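Visitor: Okay, handing you the structure first.
The values are calculated or read from the model by the stated rules, or taken from the named source; none is laboratory data. A quick note: this is a predicted structure, and the numbers were derived from the prediction, not measured. Counting neighbours? That spans all protein chains shown, and the Cβs are built from the backbone with ideal geometry, glycine included. Calculation scope for accessible area: heavy atoms of the full protein, side chains included, ligands and nucleic acids excluded. Shrake-Rupley method; radii C 1.70, N 1.55, O 1.52, S 1.80 Å.
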Amino acid sequence: MIVKKFAVTAMLAGSLLLTTGCAGGASGGDSIHVYNWGHYINPDVIPMFEEEYGISVIYSTFESNEAMYTAIAMGGNVYDVLFPSDYMIYRMIYEDLLRPINFDNVPNIEHVAERFIGLSFDPDRRFAAPYKWGSVGILYNTTMVNSVIDSWAALWNPDYAGQIFMYNSERDSLAVALKLLGYSLNTKDEGEVNRARDLLIEQRPLVQAYVTDVVKDLMIAGEAALAVVYSGDAVFTMMHNPDLNYVIPREGSNLWVDAMVIPHNSPNPEGAEAFINFMLRPEIAALNTNFIGYSTANATALELGLVDQALIEKPGFDITDEEYRRLEVFIDLGEFREVYTRAFTTVLAS
C-alpha cells in the first residue's frame with residue numbers, strides 16, 4: 001500500500017517530530033526513533049509514553065513501504081520501531097533486516113486478536129506486533145450507481161465511464177484484476193500477471209484517474225461513482241458523506257496488516273519493546289483507532305467498548321468470517337516483483 005493517513009494536526013504533518021521526555025524510565029537508553037506512516041497515530045500518545053517511561057521519542061514518517069525499506073536497507077538511518085505492512089515484513093525477515101521481539105517484555109501482545117497472529121508474513125510469531133488492519137474494496141456513491149455493487153466487474157461497467165478512481169499502487173491495482181480473473185493476488189505466473197495487466201489496460205478509458213490519498217476528498221465531494229480504497233479510508237469518507245458505502249467484492253480481496261517491528265540495528269531494543277507494549281494497551285490502541293479511523297488488531301479494546309461505536313458500525317471497519325475467508329494477505333514476491341512493476345508501468349503508460 002502506498003499511504004494510509006488522515007488530515008490531523010500540524011503536529012505530525014512534517015517529516016520529523018522531536019519531543020523531550022522525562023528523566024529516568026525504562027532501561028536501554030533515554031530515546032527511541034519511531035518510523036511510521038504519515039498521520040497514523042494519535043499525537044497525544046507520544047507525550048503520554050514519554051512522561052510515563054522517561055524515554056524521548058524522535059518521530060519521523062514515510063510514505064510507502066518501499067521508501068521505508070530503502071531507508072533501512074541502505075543503513076544510513078537508524079530506527080528502533082517501524083510500522084511496515086505484511087509483505088514488507090516478510091521481505092525484511094528474509095533479508096535479516098529485523099530482530100526478533102522479546103515478547104517477555106511485551107505482555108500486551110495478549111490483547112491482539114488471534115486471527116492476526118502467526119499470519120504468513122510472520123508464521124513463527126517472532127518479529128511482528130500487529131497494529132492496524134483492513135481490506136481493500138470498492139467505495140461507491142449510492143446516488144450515482146444504477147446497479148448492485150458486489151463485484152470487481154463494476155469497475156469495468158461502461159455506465160461509469162469517467163466515474164472511476166483506481167488506486168495508484170501496483171500490488172493493489174493488479175490485485176483487483178487478478179481477483180476478477182480468479183487468480184491469487186500473490187501469483188508468480190507471468191501469464192496471469194500479464195492477463196491482469198491487459199484487463200487493466202482495457203479498463204483505462206473508463207478510469208478518471210489513478211490516485212492515492214486524495215481519493216478521500218474526491219469521493220466525499222462526489223467527484224466519482226466508484227473508487228478502489230482501503231477500508232480505513234472508506235470509514236473516514238463515510239463519516240463525512242452519508243451517500244457513500246463500501247463493499248468487499250465477492251471474488252475476494254486483500255487483507256492487509258500493519259505491524260510494529262524492530263530493525264536489526266536498533267540501538268535501543270528495550271526502549272522499542274517498551275513502546276510497542278505501550279501501544280498495545282487497550283486504551284492506547286483505542287485512542288489511536290478513534291483518532292485515525294483504521295481498524296485495530298486489539299481485540300480487548302473492542303471487547304471493552306473503548307472504540308467509538310460510530311466507527312464500528314461503518315461497513316469495512318470489521319469483517320464477517322465469510323469475508324475473512326475470501327481475503328488474502330500479500331507476501332513479498334522476491335525477484336518476481338519486477339514482473340508486477342513492468343506490468344503496472346505498462347498500464348499507467350497506456
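Visitor: Compute the separation of the alpha-carbon centres of region 114-161 and region 214-254 and state it in Å as a whole number.
Guide: So the two Cα centres are separated by 11 Å.
Visitor: Determine the relative contact order of the chain: mean sequence separation of Cα pairs under 8 Å and six or more apart, normalised by residue count, in whole percent.
Guide: 27 percent
Visitor: Rounded if a/c is under 1.5, else prolate if a/b is larger than b/c, else oblate: which is region 70-180, with a ≥ b ≥ c the root eigenvalues of its Cα gyration tensor?
Guide: prolate
Visitor: Evaluate the charge dipole of region 195-350 about its Cα centre and quote only its size in Debye, nearest 20, assuming +1 on the Cβ of each Lys and Arg and -1 on the Cβ of each Asp and Glu.
Guide: Taking the Cα centre of region 195-350 as origin, the dipole is about 440 debye.
Visitor: Would you calculate a helix-derived [θ] at 222 nm for the chain, using -39,500 (n - 2.57) for each DSSP H run of n ≥ 4 and dividing by the full residue count, to the nearest 500? If you can, show how the numbers build up before the last one.
Guide: Values: 13 runs with 118 residues, N = 350.
Rounded to the nearest 500, the figure is -9500 deg cm²/dmol.
Visitor: Let me ask something else about it. In terms of modelled amide H atoms, which long-range or inter-chain residues lie less than 5 Å from the amide H of Ser31?
Guide: Residues meeting the criterion, in which the H sits 1.01 Å from N, are Ser56.
Visitor: Report, to the nearest whole %, how much of the accessible area of the chain belongs to carbon and sulfur atoms, 1.4 Å probe, protein only.
Guide: With neighbouring chains kept in place, the figure for the chain is 50 percent.
Visitor: Let me ask another. Stick to Cα atoms and the Kirkwood definition of Rh, then tell me Rg/Rh for region 181-223. Each step should come with its number before you reach the end.
Guide: Working: Rg = 14.1 Å, Rh = 12.5 Å.
Computed over Cα atoms, the ratio is 1.13.
Visitor: Another one. At a Förster radius of 22 Å, what calculated FRET efficiency corresponds to the Cβ-Cβ distance of Thr346 and Glu95, to the nearest 0.05?
Guide: Step by step, r from the Cβ atoms, then E = 0.20.
Visitor: Would you please give the FRET efficiency between Phe336 and Arg126, computed as 1/(1 + (r/R0)^6) with r the Cβ-Cβ distance and R0 = 25 Å, to the nearest 0.05?
Guide: Efficiency, from the Cβ-Cβ distance: 0.50.
Visitor: Does region 169-269 come out rounded, prolate or oblate, given a ≥ b ≥ c as the square roots of the eigenvalues of its C-alpha gyration tensor, rounded meaning a/c under 1.5 and, failing that, prolate meaning a/b above b/c?
Guide: Taking the square roots of the gyration eigenvalues as a ≥ b ≥ c, region 169-269 is oblate.
Visitor: Follow-up question, since we're still on this one. Explain nothing, just the number: dipole magnitude of the chain about its Cα centre with +1 on each Lys and Arg Cβ and -1 on each Asp and Glu Cβ, in debye rounded to the nearest 20. Could the numbers behind the result be given before it?
Guide: Numbers: 22 positive and 46 negative charges, 126 e Å.
Charge dipole of the chain: 600 debye, to the nearest 20.
Visitor: Could I ask something else about it? I'd like the FRET efficiency for Asn265 and Ala153, computed as 1/(1 + (r/R0)^6) with the beta carbon distance as r and R0 of 41 Å, rounded to 0.05.
Guide: 0.30
Visitor: Name the residues whose placed amide hydrogens come within less than 5 Å of the amide hydrogen of Val207, ignoring near sequence neighbours (fewer than 5 apart) on the same chain.
Guide: Gly162
Visitor: If you don't mind, there's one more thing I want to ask. Mind listing the phi-derived Karplus ³J(HN,Hα) values for region 158-169, rounded to whole Hz, using 6.51, -1.76 and 1.60 with θ = phi - 60°, and x for any glycine or proline?
Guide: x, 4, 10, 4, x, 10, 10, 10, 9, 8, 7, 8
Visitor: With only alpha-carbon atoms counted, please give the Rg and Dmax of the chain, in Å.
Guide: Rg, Dmax (Cα atoms, Å): 20.0, 64.
Visitor: Take Thr142 and Asn290, extend 7 Å from each Cα along the Cα→Cβ direction, and tell me the distance between the two endpoints in nm.
Guide: Reported label-point gap for Thr142 and Asn290 is 2.7 nm.
Visitor: Note the count of lysine pairs whose C-alpha atoms are less than 13 angstrom apart in the chain, limited to pairs 8 or more residues apart or on different chains.
Guide: Working: Lys4/Lys132; Lys4/Lys216; Lys5/Lys132; Lys5/Lys216.
For the chain, qualifying lysine pairs total 4.
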